[in-house]
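Peer 1: One structure, pasted below without further comment.
We did not get these values from a lab; they are worked out from the coordinates using the rules stated. The structure displayed is predicted, hence computed values, not measured ones. Here Cβ is always computed from backbone atoms with ideal geometry, including for glycine, and neighbour counts include all displayed protein chains.
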Amino acid sequence: MLDKRNYRQNKNKNRIKLQITRGLASGGVLSRGTLHRILEVHLPSEPLRNPARRQAPDTLGAMWATVKSNTCRQRTRGKTCKAVRAGRNNFFMEQDSSLKNRAGLKNRMSRGILILISFFCITFACNAQTTPKYDKIFAYSEGLAVVQKGEKFGYVDEAGREIIPVKYDATGAFNEGMARVKLNEKWGFIDKTGKEVIPLKYKGAGDFSFDYALVKLGDKFYMINQKGEEFGQKLLDDRELKLLRIEVNDKIGYFNITTYKLITPIKYDKANIFSDEGIALVQIGDKIGLIDKTGKEITPIKYLKIFDFSYGLARVAIDIGMMSFAFNDVVDFSYCYIDNTGKEISEHHYDSAEDFTEEGLACVGSYIDTNSNQHFGFINKTGKEVIPLKYDKAENFKNGLAKVKLGNEEFYIDKNGNRTDKK
């Protein structure tokens with residue numbers, strides 16, 4: 001019976017330790033209500049000789065009075081019950097037949113107070129260290145990020161070290177090792193050490209891209225290189241367009257009026273405006289290719305001619321580096337087709353070719369040898385020859401029919417290659 005009672009007492013003591021320790025470790029303060037509930041639940045459950053005297057302290061003052069006196073002297077079967085005892089971080093109950101040393105209690109209370117003070121000091125110090133130094137940190141670019149403090153801007157590296165002082169009125173991200181900065185209503189450029197490599201003298205400036213940046217000096221615009229050399233420029237398009245062609249030293253590039261950055265190098269001899277498909281024809285020397293609106297060359301600059309797109313595909317003339325016979329003329333190119341991503345849809349090249357029609361077919365022709373006439377057939381949009389190249393003449397499809405000639409006979413075929421009397 002005694003062993004069971006001791007087990008229950010130890011279990012209650014551990015519960016009180018756990019609850020009070022959790023409360024203190026979380027940085028909280030044990031209210032008198034919380035303390036009252038803990039003691040009320042875990043007081044010994046044996047009946048008292050005088051039940052009216054079995055009550056837990058109902059006020060915080062009573063609790064501290066009990067701790068100070070180190071005894072609550074409840075009579076339980078002739079024993080002295082000490083209800084609360086203060087340790088380093090907790091209070092616990094314990095039945096004992098004698099009182100503990102008051103000096104030991106005071107030492108433990110002092111240690112507990114020191115631990116609490118240390119906890120709050122550490123918490124305060126951590127909060128002080130995490131106080132943000134800057135009002136805003138922008139995205140990193142080339143290892144540095146723009147930071148803002150008040151109305152001024154500077155740069156920090158990826159370790160948070162301030163590399164360029166927070167002193168500028170406005171800044172841009174680093175591009176090609178340079179960043180535009182503004183101070184006292186003037187723009188210029190700095191390098192990654194903060195050195196002002198291009199003087200702050202411009203009324204406006206864009207970011208560097210493809211070795212150039214657009215700047216405004218007075219009422220005129222110039223392109224400058226990273227040495228600060230200024231070049232006159234000529235806009236070939238209306239400013240209402242998002243992507244403009246810009247000419248510098250007889251070479252052309254494409255400029256995004258929204259970002260004030262070049263999307264292509266200034267290297268083309270000729271350049272067209274963008275089509276409805278979002279592509280533009282560009283030329284270097286006597287070879288041409290296509291770019292998209294990001295400035296990416298979606299085809300190599302290798303074609304002799306690119307025709308208009310028709311039903312998603314365009315004819316292109318390519319230099320094959322050998323002699324080919326087409327239309328009774330000796331030429332050095334052949335034809336194939338590309339889609340709007342610049343991909344060639346077939347490995348076969350033809351001596352003649354027509355645009356695709358709504359039937360999804362295109363007429364193509366090839367010479368078998370130099371002593372024969374050209375033979376014609378039809379391919380689909382995957383480049384497959386769905387109607388063999390066997391006709392002496394052929395016209396493109398119209399309204400579902402195509403006129404062909406085989407030998408001395410002319411007739412019509414449908415899109416499956418079957419002969420028909422329809423016209």
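Peer 1: Enumerate the amide H contacts of LEU262 below 5 Å, restricted to partners 5 or more residues apart or on another chain; note that Pro and chain-start residues carry no placed amide H.
Peer 2: Placed amide hydrogens put SER209, ASN256 under 5 Å from LEU262.
Peer 1: Let me ask something additional. With Kirkwood's inverse mean 1/r over C-alpha pairs for Rh, give me the Rg to Rh ratio of region 133-221, two decimals please.
Peer 2: Here the Rg-to-Rh quotient is 0.96.
Peer 1: Once you sort the root eigenvalues of the Cα gyration tensor of region 147-191 as a ≥ b ≥ c, which label holds: rounded (a/c under 1.5), prolate (a/b larger than b/c) or oblate (the other case)? Working shown, then result.
Peer 2: Details: a/c = 2.42, a/b = 1.15, b/c = 2.10.
Judged from the Cα gyration tensor, region 147-191 comes out oblate (a/c at least 1.5, b/c at or above a/b).
Peer 1: I've got another one for you. For region 225-276, what are Rg and Dmax over the alpha carbons, in angstrom?
Peer 2: Cα-based Rg and Dmax for region 225-276 come out at 11.0, 38 Å.
Peer 1: Please compute the length gained on full extension between GLU409 and ARG161, using 0.36 nm multiplied by the number of residues separating them and subtracting their Cα-Cα distance.
Peer 2: 80.7 nm
Peer 1: Among the aspartates and glutamates, select those whose C-alpha is under 15 Å from the C-alpha of LYS234, and discard any that sit fewer than 8 residues away in the same chain.
Peer 2: ASP219, GLU247, ASP250, ASP269
Peer 1: Let me ask something else about it. Suppose we take every Cα in region 302-423 and form the convex hull; what volume per residue is that in Å³?
Peer 2: Taking only Cα atoms, region 302-423 has a hull volume of 101 Å³ per residue.
Peer 1: Specify the inter-centroid distance of region 171-197 and region 262-313, based on alpha-carbon positions, in whole Å.
Peer 2: Their Cα centres are 33 Å away from one another.
Peer 1: Quick one: order SER366, SER352 by neighbouring beta-carbon count within 10 Å, fewest to most. Please report the intermediate quantities before stating the final value.
Peer 2: Working: SER366 20, SER352 17.
Lowest count first: SER352, SER366.
Peer 1: Could you give the length gained on full extension between ASP392 and LYS201, defined as 0.36 nm per residue of separation minus the Cα-Cα distance, in nm?
Peer 2: Taking 0.36 nm per residue and subtracting the Cα distance, the gain is 61.6 nm.
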